[in-house]
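Only one structure is covered here, and it is reproduced in the block below.
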Amino acid sequence: MTGSRAAPRNAEDDSTTDDERWLVLDRRRWRRQDPTLPPEVAHRLLSHLGRGRSAVRALKKAGQDPAPARERVGLAKHGLGERGTPWWEQDDAERCRRWATALARLDELDD
């Protein structure tokens with residue numbers, strides 16, 4: 001795994017606070033993206049997320065099934081750590097596997 005953190009972190013000694021884990025908007029709590037994502041990985045996942053959201057809107061507007069685009073959104077959100085097992089419960093290897101798997105599947109959608 002690449003990254004700029006000084007020491008590896010594991011699930012048992014995670015010291016993040018609720019403010020670092022959750023974003024509250026309009027009284028709804030949303031999981032924040034994994035702060036240990038390498039910048040280039042976060043950029044790629046956010047690009048996939050944006051393209052997926054745009055495609056969902058376009059397909060709905062055209063009266064078509066947005067399910068394929070929603071798959072891209074879901075994969076990107078899993079890769080970012082916003083869905084699935086909470087990132088603060090994963091060790092470094094699990095986190096790296098999570099985003100690598102998501103990126104591989106997202107890239108397959110482009111092929």
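The values are calculated or read from the model by the stated rules, or taken from the named source; none is laboratory data. Here the structure is a predicted model, which is why all the values come from computation and not from measurement. Here the Cβ positions follow ideal geometry from the backbone for every residue, glycine too, while neighbour counts run over all protein chains shown. Protein only, heavy atoms only, side chains kept; ligands, DNA and RNA dropped before computing areas. Shrake-Rupley method; radii C 1.70, N 1.55, O 1.52, S 1.80 Å.
Where residues in segment 1-54 are hydrophobic (A, V, I, L, M, F, W, C) and modelled with pLDDT under 65, which of them is least open to solvent (accessible area, probe 1.4 Å)?
The selected residue is 11.
Scanning segment 72-97 for residues that are on the phi > 0 side of the Ramachandran plot and open to solvent by less than 20 Å² (accessible area, probe 1.4 Å) turns up just one, 81. Of the residues making up segment 37-64, those that are more than 14 Å from residue 99 (Cβ to Cβ) and out of contact with any helix residue (DSSP H, G or I) (no Cβ under 7 Å at 6 or more places or on another chain) are 50, 54, 57, 58, 60, 61, 62, 63, 64.
Applying a threshold of 9 Å to beta carbon distances and a minimum spacing of six or more residues, or different chains, the list of pairs starting in segment 73-92 at a residue that is within 24 Å of residue 56 (Cβ to Cβ) and ending at one that is among the aromatic types (Phe, Trp, Tyr) and open to solvent by 20 Å² or more (accessible area, probe 1.4 Å) reads 81/88; 82/30. Of the candidates 69, 100, the single residue that is open to solvent by less than 30 Å² (accessible area, probe 1.4 Å) and either closer than 18 Å to residue 47 by Cα or touching a Phe, Trp or Tyr at 6+ places or on another chain (Cβ under 9 Å) (or both) is 69.
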